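These notes concern the structure reproduced below.
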Amino acid sequence: MLLDYINVIIGSLILIIGVMIGVAFLTLLERKVLSYIQIRKGPSKVGFIGLLQPFSDALKLLSKEQMYLNYSNYMSYYFSPIINFILSLMLWILIPYYFNMINFNLGVLYFLCCTSLGVYTIMISGWASNSNYSLLGGLRSVAQTISYEVSLSLILMSCIIMIMDFNLIMFSDYQSLIWFFFLMLPLSLCWLSSSLAETNRTPFDFAEGESELVSGFNVEYSSGGFTLIFLSEYSSILFMSLLFSIMYLGGYDLSLLFYMKMIFISFMFIWVRGTLPRYRYDKLMYLSWKIYLPLSLNYLLLFIGLKIYLM
């Protein structure tokens, strides 16, 4: 038993290091893709064709002076980015490895719990800074994330009814003949855009709307705090890409193709950022409550009906 626990701990540490390196190179990929969309070169000086750029950025950010605000609620202000980062890393335990990891049967519920808790950290970091702009950004982010969590949960319920299990590893068994992407085409696209809204990405990045909010809830953060917020956002993007690949693109398997699918979905996040302008806030709420909610509910009823009929 002790050896098993040691194995799990070492596996988790390796996973976290892997996620951190993945996040580092995702930021580099984003800068490269955006630069080519805007017809320029992007980072190309540090290391071979800019490969060491993320690490020099991390060193620069972490060696900067940490600001301590006089009027902030200090403990909340200081610890909310750390908790946000820990929550985004805790999600990665869910990867349904076949060996050496924590493979548990209520993975989907655990995912919903962790993503719901992520809202609080953004709200607290916006409120604790004691700045009007960061508070506005935090409030916007909370309203947006809660709205889209509803549609995410309902879309997830449709998938669960298809496989009748909360364990993510079951998705690969049920998609051996046909991917759920083709069976649930509108739902999978709804999931993709909802995960854009859930991770506060363009065109739904109202929490940090630079044009009107001076960078939103993270405006008062610098150095380590900003780095942690940044890392948690990008690790959430990678995780949502992983989840999309598991749920709709054939489930988990230990192959290069699975990771290529995951990278493609992450690339879609970046591509959307380089292409689309920011949505209007009322349209965002309208989209969530008047389009995605009825659509996901109808599909849920359809899949329940199919399941009962086929049983």
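The values are calculated or read from the model by the stated rules, or taken from the named source; none is laboratory data. This structure is a prediction, so every number in the text was calculated from the model and none was measured. All Cβ positions, glycine included, derive from the backbone under ideal geometry; neighbour counts span all protein chains shown.
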(request) Considering each residue of the stretch 29-58, count those that are at pLDDT below 90, charged (D, E, K, R), buried (at least 18 other Cβ atoms within 10 Å of the Cβ) and farther than 16 Å from residue 227 by Cβ, and give that number. (result) 0
(request) Read through the list (1) free of Cβ contacts under 8 Å to residues at least 60 places away in the same chain; (2) loosely packed, with under 15 Cβ neighbours inside 10 Å; (3) touching a helix residue (DSSP H, G or I) at 6+ places or on another chain (Cβ under 7 Å), then give the number of the only condition that residue 1 fails. (result) (3)
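One line per residue, one yes/no per condition, for (1) under 12 Å from the mean Cα position of the chain (by Cα); (2) assigned to a helix (DSSP H, G or I); (3) closer than 23 Å to residue 25 by Cα:
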| residue | (1), (2), (3) |
| --- | --- |
| 217 | no, yes, no |
| 232 | yes, yes, yes |
| 245 | no, yes, yes |
| 263 | no, yes, yes |
| 279 | no, no, no |
(message) It is to be established whether one or more residues within the stretch 223-244 are surrounded by fewer than 23 Cβ atoms within 10 Å (Cβ to Cβ), at pLDDT below 80 and touching a Lys or Arg at 6+ places or on another chain (Cβ under 7 Å).
(response) no
(request) Return the only residue of 61, 26 being touching a Ser or Thr at 6+ places or on another chain (Cβ under 8 Å) and modelled with pLDDT of 90 or more. (result) 26
(message) For the structure I just gave you, tell me whether residue 117 is part of a helix (DSSP H, G or I), surrounded by fewer than 17 Cβ atoms within 10 Å (Cβ to Cβ), of a type outside the set (Phe, Trp, Tyr) and touching a residue at least 40 places away in the same chain (Cβ under 8 Å).
(response) no
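Quick grid of which residues meet (1) assigned to a loop (DSSP other than H, G, I, E, B); (2) under 23 Å from residue 168 (Cα atoms); (3) among the aliphatic types (A, V, I, L, M):
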site	(1), (2), (3)
5	no, yes, no
12	no, yes, no
19	no, yes, yes
61	no, no, yes
79	no, no, no
109	no, yes, yes
113	no, yes, no
(request) Could you run through the stretch 158-178 and say how many residues are of a type outside the set (Val, Ile, Thr), part of a loop (DSSP other than H, G, I, E, B) and surrounded by fewer than 18 Cβ atoms within 10 Å (Cβ to Cβ)? (result) 6
(request) Please specify each residue of the stretch 13-33 satisfying the condition of being out of contact with any helix residue (DSSP H, G or I) (no Cβ under 7 Å at 6 or more places or on another chain), touching a residue at least 12 places away in the same chain (Cβ under 8 Å) and under 15 Å from residue 92 (Cβ atoms). (result) 20
(request) Within the stretch 247-261, work out how many residues are assigned to a loop (DSSP other than H, G, I, E, B) and not aromatic (Phe, Trp, Tyr). (result) 6
